[in-house]
Amino acid sequence: MKILHLITRMDGGGSAVNTLLTATHQAMEGYHVKLVYGLSHESEMSNIEKEKVVEGLEAFRKLGGYTEVLPSLKRKLGWHDKRAIHDLRIIILQGFDIVHTHTSKAGALGRLAVVTKAVKVIHTPHGHVFHGYFGWLKTRIFLMIERYLAQKTDILIALTKAERDDHLKLKVGRESQWRVVPSGVDVQAIEDWIWQHPVAKEQQCWDVISVGRLVPIKGMERLLKAWVLVVQKQPEAMLALVGDGEERRQLEWLAAHLGIADNVFFTGWVEPLAYLAKSKLFALLSHNEGMGRAVVEAMAAGLPCVVSDVCGLKELVDDTVGRCLDADDSEAVAKALMTDWGSETRRNARARAQAYSVQAMMHGLAEVYAEVSQKKTES
């Protein structure tokens with residue numbers, strides 16, 4: 001079987017990590033797998049993030065995988081999109097059995113490039129852009145496009161049931177087209193690392209940690225506004241924001257403006273495991289989230305999680321592993337952040353993470369690919 005994966009950019013974000021992980025495991029299983037992506041300049045990756053991406057791509061190639069960088073494949077709209085469709089069409093016609101597109105932009109261009117029914121199409125949105133990204137007019141246009149493209153797709157994959165249900169409510173695809181496959185996290189590797197690097201309770205120097213790109217959709221400003229209330233009651237409380245991005249300077253300014261600069265540490269792009277190990281609680285208050293890989297990683301490390309009640313996050317977290325709430329209610333967020341979560345919550349978090357392991361993802365994808373292959377044989 002020849003499989004082609006398409007994604008707009010290859011960086012350290014959840015969708016890119018998921019795509020590379022999928023392609024790598026399929027290469028390990030002996031499939032002919034090619035990964036095509038854009039130049040990724042828009043990601044503005046740090047050197048550490050770039051090194052991690054390069055390392056992952058090299059591992060994929062050593063397993064027999066193929067990669068191709070397509071300069072015309074860009075995140076922003078423009079005349080280059082017409083060139084991208086042409087370039088992708090040439091690649092797709094090289095004899096691929098399955099084209100698996102990822103994210104909104106690559107998903108649109110990739111599906112428009114498929115001109116033969118002999119090629120089966122799978123699309124994973126990795127969330128959706130119908131809330132928190134654009135104004136109402138642009139959102140409406142994208143919604144119309146996605147409804148049309150769903151007609152050109154054999155299988156649509158949601159990372160959570162909530163994501164699937166959101167699409168169905170918006171009439172994107174039919175229920176018979178949708179499958180739910182979680183974004184796999186190497187849960188075992190995280191548990192092994194935590195076991196090998198034990199941290200005593202008195203060494204947990206971070207009261208709360210959040211991991212993610214410092215971009216508007218991640219809602220870090222909501223976390224800082226709630227953190228003000230926490231610091232008022234616990235002046236020594238410390239928050240670590242692990243990640244980097246276009247909003248970093250603005251968030252640093254906001255922390256200073258709110259008078260909590262000494263209580264917030266911006267780590268930049270670093271491996272988060274060491275910070276997770278020294279933290280008491282994890283928080284992610286995104287405006288929109290396909291699933292929330294960082295939440296699964298935190299649960300695998302045994303951290304209770306406080307998250308916003310959006311799409312995939314409300315499926316990941318309930319009162320047994322933390323709190324899912326209205327992230328614009330700063331008082332409710334602050335109260336949850338100051339809750340003294342017990343050992344049972346931590347055990348529950350580790351158990352919950354198992355449902356989102358790499359093994360669970362690859363098992364689910366294997367069933368989807370088998371189904372699509374059967375359709376190809378029958379046609």
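The values are calculated or read from the model by the stated rules, or taken from the named source; none is laboratory data. Nothing here was measured: the structure is a model prediction, and the numbers come from that model. When we count neighbours, we look across all protein chains shown, and the Cβ atoms used for this are built from the backbone with ideal geometry, even at glycine.
Answer yes or no as to whether Ala162 is crowded, with 23+ Cβ neighbours inside 10 Å, touching an Asp or Glu at 6+ places or on another chain (Cβ under 9 Å) and either under 30 Å from Arg350 (Cα atoms) or assigned by TED's automatic domain parsing to the domain that holds His102 (or both). Break it down into steps so the answer makes sense when it comes.
Values: crowded, with 23+ Cβ neighbours inside 10 Å: no; touching an Asp or Glu at 6+ places or on another chain (Cβ under 9 Å): yes; either under 30 Å from Arg350 (Cα atoms) or assigned by TED's automatic domain parsing to the domain that holds His102 (or both): yes.
Here the answer is no, as Ala162 does not meet what is asked.
Need a quick list: helices (runs of 4 or more DSSP H) entirely within the range 262-321 having at least 1 residues that are in the same structural domain as Ala237 (by TED's automatic domain parsing), touching a Ser or Thr at 6+ places or on another chain (Cβ under 9 Å) and among the small types (Gly, Ala, Ser).
Numbers: elements: 273-277, 293-300, 313-316.
Once the helices (runs of 4 or more DSSP H) in the range 262-321 are filtered for at least 1 residues that are in the same structural domain as Ala237 (by TED's automatic domain parsing), touching a Ser or Thr at 6+ places or on another chain (Cβ under 9 Å) and among the small types (Gly, Ala, Ser), what remains is 293-300.
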Completion exercise
Over the range 73-88, the set of residues over 17 Å from Ile7 (Cβ atoms) and either surrounded by 15 or more Cβ atoms within 10 Å (Cβ to Cβ) or not hydrophobic (A, V, I, L, M, F, W, C) (or both) is Gly78, Lys82, Arg83, His86
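State the number of residues belonging to the range 23-55 that are out of contact with any Lys or Arg (no Cβ under 7 Å at 6 or more places or on another chain) and assigned to a loop (DSSP other than H, G, I, E, B).
Of the residues in the range 23-55, the ones out of contact with any Lys or Arg (no Cβ under 7 Å at 6 or more places or on another chain) are 23-31, 33-36, 39, 41, 44-55.
With the extra rule that they be assigned to a loop (DSSP other than H, G, I, E, B), the set shrinks to 29-31, 39, 44-46.
Matching residues across the range 23-55 total 7.
Within the range 57-73, can you find the residues that are assigned to a helix (DSSP H, G or I) and either out of contact with any Ser or Thr (no Cβ under 8 Å at 6 or more places or on another chain) or in contact (Cβ under 8 Å) with a residue 24 or more places away in the chain (or both)?
Of all residues in the range 57-73, those assigned to a helix (DSSP H, G or I) come to 57-62.
Within the range 57-73, Leu57, Glu58, Ala59, Phe60, Lys62 qualify.
Matching residues to (1) buried (at least 20 other Cβ atoms within 10 Å of the Cβ); (2) over 23 Å from Gly13 (Cα atoms):
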site	(1), (2)
Lys117	no, yes
Ile122	yes, no
Ile155	yes, yes
Val187	yes, no
Cys205	no, yes
Ile217	no, no
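Test of understanding: among Thr24, Thr19, which residue is surrounded by fewer than 23 Cβ atoms within 10 Å (Cβ to Cβ), in the same structural domain as Arg61 (by TED's automatic domain parsing) and either among the hydroxyl-bearing types (Ser, Thr, Tyr) or within 22 Å of Thr267 (Cα to Cα) (or both)?
Working: Thr19 fails: surrounded by fewer than 23 Cβ atoms within 10 Å (Cβ to Cβ).
The match here is Thr24.
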Problem - Complete set of residues in the range 138-177 that are of a type in the set (Val, Ile, Thr) and without any contact (Cβ under 8 Å) to a residue 60 or more places away in the chain - result: Thr139, Ile141, Ile145, Thr153, Val172
Practice task
Determine if the range 233-250 includes at least one residue that is assigned by TED's automatic domain parsing to the domain that holds Ile48, of a type in the set (D, E, K, R) and without any contact (Cβ under 8 Å) to a residue 60 or more places away in the chain.
Solution key: no
